[in-house]
Amino acid sequence: MNGKTRGSVEMTAAMMISGTIGWFVLYSGQPAMDVVFWRCAIGAPVLLAVCAALGLLHGHLTPRLLGLAALGGVAIVLNWLLLFAAYPRASISIATAVYNTQPFILVGLGALFLGERLTATKLAWLGLAFAGMLLIVQAKPGAGYVGSDYLGGILLALGAAFFYALAALVAKKLKGTPPHLIALIQVCVGILMLAPFANLALLPTSAASWGALVTLGVVHTGLMYILLYGAIQKLPTHLTGALSFIYPVVAILVDYLAFGHQLQALQLLGIGAILLAAAGMTLGWSLWKKAELPANA
């Protein structure tokens, strides 16, 4: 198996694992705060072992790296908190679709803070994603929907997308830093952030809850990060971007199969618009043909 094929398999596996995270979050039956804390607390030893095995604990840690990675960790933890809180309110499908507005928020942040140029094509994709958002907001939840606050869930998912984009912006300043080490620092920050607020006095009592939490820590944090970063190192950017759309597709299928959430026509149209726009932005699709130069030019 060559590097590209292996990277494609790793990326596909990572995205399929990511697509099931909502199911485990809801199945755990725990508040979002506790779920994120245990995800960090259980995932940290896995990532620590990986970093130690790869020799990443020596020669890389500097005050600047720790500071930036910790800042990104705060953003990532807030991203998880908001996204996990969005699942029971707006459903996994809707929360995941809205969460995929990340590329547009990142483009906006890049324009504001990094001086990156906003092109007409980027603005067009942004407009399409915004139209998709409006359709989702206007739509009524399906018969199988049992969420508590549809609009609130959408806003939480948007907040999660913002903090993910913020973490990605910080990550640009850490170029060349081993990503497994960044992930380790981020989950350690999560432990420190959430330990005072997690409900540690009243621990889960069922084996099912602990099974879901352990899976989130070991599989959805440790293993998923290893597969994801392994794939990123082997694949060209356009292929990484294309395979990343396995994640929302799997999440929508899981939501339907596990919870019977049936999406309405407007919701499906809105999700399709957001994912199409996100794909266009991520993969650099152009909406206009470039004018051809004369042959003798």
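The values are calculated or read from the model by the stated rules, or taken from the named source; none is laboratory data. This one's a predicted model, so the numbers in the text were calculated from it and none came from an experiment. Reconstructed Cβ throughout: ideal geometry from the backbone, glycine too, with neighbour counts over all protein chains shown.
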Original post:
Could you say whether any residue in segment 267-275 is closer than 30 Å to A120 by Cα, touching a Lys or Arg at 6+ places or on another chain (Cβ under 8 Å), aliphatic (A, V, I, L, M) and not in a loop (DSSP other than H, G, I, E, B)?
Top reply: no
**OP:** Please determine, by comparing only the residues of segment 116-170 that are among the aliphatic types (A, V, I, L, M), surrounded by fewer than 18 Cβ atoms within 10 Å (Cβ to Cβ) and farther than 24 Å from L268 by Cα, which one is modelled with the highest pLDDT.
**Re:** A120
Subject >> Residue ID - farthest from A161 (Cα to Cα), chosen from residues in segment 27-81 that are in a helix (DSSP H, G or I) and among the β-branched types (V, I, T) >> reply: V50
**OP:** Could you tell me whether segment 229-237 includes any residue that is buried (at least 20 other Cβ atoms within 10 Å of the Cβ), touching a Leu at 6+ places or on another chain (Cβ under 6 Å) and either outside any helix (DSSP H, G or I) or of a type outside the set (S, T, Y) (or both)?
**Re:** no
Subject >> Test for L26: is it under 21 Å from V189 (Cα atoms) and either surrounded by fewer than 17 Cβ atoms within 10 Å (Cβ to Cβ) or touching a residue at least 12 places away in the same chain (Cβ under 8 Å) (or both) >> reply: no
Original post:
Based on what the data block shows, is T119 farther than 26 Å from A183 by Cα and out of contact with any helix residue (DSSP H, G or I) (no Cβ under 8 Å at 6 or more places or on another chain)?
Top reply: yes
Original post:
Has segment 140-158 got at least one residue that is within 21 Å of W38 (Cβ to Cβ) and part of a helix (DSSP H, G or I)?
Top reply: yes
Subject >> Enumeration of residues in segment 178-205 that are assigned to a loop (DSSP other than H, G, I, E, B) and either at pLDDT 95 or above or not hydroxyl-bearing (S, T, Y) (or both) >> reply: P178, A195, P196, F197, A198, N199, L200, A201, L202, L203, P204
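Would you pick out the residues in segment 109-119 that are free of Cβ contacts under 8 Å to residues at least 24 places away in the same chain and either of a type in the set (A, V, I, L, M) or within 16 Å of A278 (Cα to Cα) (or both)?
Those that are free of Cβ contacts under 8 Å to residues at least 24 places away in the same chain and either of a type in the set (A, V, I, L, M) or within 16 Å of A278 (Cα to Cα) (or both): A111, L112, L118, T119.
Going by the conditions given, is I252 modelled with pLDDT under 90 and outside any loop (DSSP other than H, G, I, E, B)?
Against the criterion (modelled with pLDDT under 90 and outside any loop (DSSP other than H, G, I, E, B)), I252 does not qualify.
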**OP:** Determine if segment 98-113 includes at least one residue that is exposed (fewer than 15 other Cβ atoms within 10 Å of the Cβ), touching a helix residue (DSSP H, G or I) at 6+ places or on another chain (Cβ under 8 Å) and in a helix (DSSP H, G or I).
**Re:** yes
Original post:
Any idea which of A201, A251, A195, A212 is among the hydrophobic types (A, V, I, L, M, F, W, C), within 21 Å of L83 (Cα to Cα), loosely packed, with under 13 Cβ neighbours inside 10 Å and out of contact with any strand residue (DSSP E or B) (no Cβ under 9 Å at 6 or more places or on another chain)?
Top reply: A195
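Could you tell me how many of the residues in segment 277-296 are outside any helix (DSSP H, G or I) and at pLDDT 85 or above?
Total satisfying the criteria: 1.
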